[in-house]
Amino acid sequence: MGFADLSIAEIAADYSISVDKVLSMCDQLGIAYKNQKTRLALEDAKAIISQILSETNPTGNND
């Protein structure tokens with residue numbers, strides 16, 4: 001498994017959400033971390049980003 005070279009704090013900043021929100025997502029998705037500076041595996045970063053995008057752009061609400 002490769003690394004995305006993104007930390008939890010960087011994802012939070014990139015998507016304008018709190019670090020606590022990203023940490024909560026990690027807990028929900030079963031992603032292990034030590035702190036907000038933890039570098040994430042590529043698949044873990046993708047899972048978090050996908051979760052962020054699904055919460056900010058839910059499908060079917062484009063009316």
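Here are the numbers for the structure shown:
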quantity: Breaking point among (1) in contact with an Asp or Glu (Cβ under 9 Å, 6 or more places away or on another chain); (2) open to solvent by less than 100 Å² (accessible area, probe 1.4 Å); (3) at pLDDT below 95, for ARG39; calculated: (2)
quantity: Flag for ASN57 being exposed (fewer than 15 other Cβ atoms within 10 Å of the Cβ) and either modelled with pLDDT of 95 or more or basic (Lys, Arg) (or both); calculated: no
quantity: Number of positions in segment 19-49 that are touching a residue at least 40 places away in the same chain (Cβ under 8 Å) and over 9 Å from the mean Cα position of the chain (by Cα); calculated: 3
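The values are calculated or read from the model by the stated rules, or taken from the named source; none is laboratory data. Note that the structure is a prediction, hence the values are computed from the model and not measured. As a convention, Cβ positions derive from the backbone with ideal geometry for all residues, glycine included, and neighbour counts pool all protein chains shown. Surface accessibility is based on the protein's heavy atoms, side chains included, excluding ligands, DNA and RNA. Shrake-Rupley method; radii C 1.70, N 1.55, O 1.52, S 1.80 Å.
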